[in-house]
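The values are calculated or read from the model by the stated rules, or taken from the named source; none is laboratory data. Only a predicted model underlies this, so the values are computations on that prediction, with no experimental measurement involved. Glycine gets a Cβ as well: all are built from the backbone with ideal geometry, and neighbour counts include every protein chain shown. Heavy atoms of the whole protein, side chains included, go into the accessibility calculation; ligands, DNA and RNA do not. Shrake-Rupley method; radii C 1.70, N 1.55, O 1.52, S 1.80 Å.
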Amino acid sequence: MDRGNEKKKYYVVREKAVPEVLIKVVEAKKLLDSGRVETVQEATDRVGISRSSFYKYKDDIFPFHEEAKGKTITFIIQMDDEPGLLSDVLKTIACFHGNILTIHQSIPINGVATLTLSVDILPGTGDAAAMVEHIERAEGIHYLKILGRE
């Protein structure tokens, strides 16, 4: 099969599910970007991986928040049907410099509503990972799942 013509697929995965070597590739890239090391060899030695592992994965792994800036993220939230909770979620998105593109809330069933949002993460200002974490931790939020990213 010609891999050059193969359609790329992307996945959003929690950090605990990512193999250690990929986390170390991200760490090595950060060291290089920060200027704390000058060569790939220094970076890979410091994080404890081989140069071949670095080169194999360097273009395929990135922190979610870095690549999400300037992107649209769609996610679904199941939350309690309580006055002010939707307002709190929207305020959190605004605080993290997200621009809401679409919003749909279902009619609550048994006191739980489902909210689907598409949010534009503004380049240079937004931090999607921190925004999602903040929303997930809020009282009354049962479930948050990222459905896609453009």
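In order along segment 39-50, the phi-based Karplus estimate (6.51 cos²θ - 1.76 cosθ + 1.60, θ = phi - 60°) of 3J(HN,Hα) comes to 10, 4, 4, 4, 5, 5, 4, 5, 8, x, 10, 7 Hz; Gly and Pro are listed as x. Summing charges over neighbours of S106, with a neighbour being any other residue whose Cβ is under 14 Å away from its Cβ, gives -2 when K and R count +1 and D and E count -1. Placing R0 at 25 angstrom, the Cβ-Cβ distance between T39 and D59 gives a FRET efficiency of 0.85 after rounding to 0.05. Rounded to the nearest 20, the Cβ-based charge dipole of the chain about its Cα centre (Lys and Arg +1, Asp and Glu -1) stands at 540 debye.
In a GNM of the chain with a 10 Å cut-off on Cα contacts, which of R36, R137, R51 has the highest mean-square fluctuation? Fluctuation is largest for R36. Quotient of the Cα radius of gyration of the chain and 2.2 N^0.38 Å, N being its number of residues: 1.27. Note on E82: accessible area approximately 100 square angstrom, rounded to 10, probe 1.4 Å, nucleic acids and ligands left out.
Applying 0.36 nm per residue to the separation of A17 and I146 and subtracting their alpha-carbon distance, the gain on full extension is 44.9 nm. Only Cα pairs under 8 Å and 6+ residues apart enter the sum, and on that basis the relative contact order of the chain stands at 26 percent. With the charge dipole of segment 20-123 set up from +1 on Lys and Arg Cβ and -1 on Asp and Glu Cβ about the Cα centre, the Cα lying farthest toward the positive end among the listed residues G48, L90, I61 is that of G48. The distance between label points at D81 and A138 comes to 1.8 nm (points 7 Å beyond Cα on the Cα→Cβ vector).
Can you give the net charge of the other residues whose Cβ lies under 9 Å from the Cβ of T44, counting K and R as +1 and D and E as -1? Computed value for this residue: +1. Between I107 and T74, take the C-beta separation as r, use R0 = 22 Å, and let me know the FRET efficiency to the nearest 0.05. Rounded to the nearest 0.05, the efficiency is 0.60.
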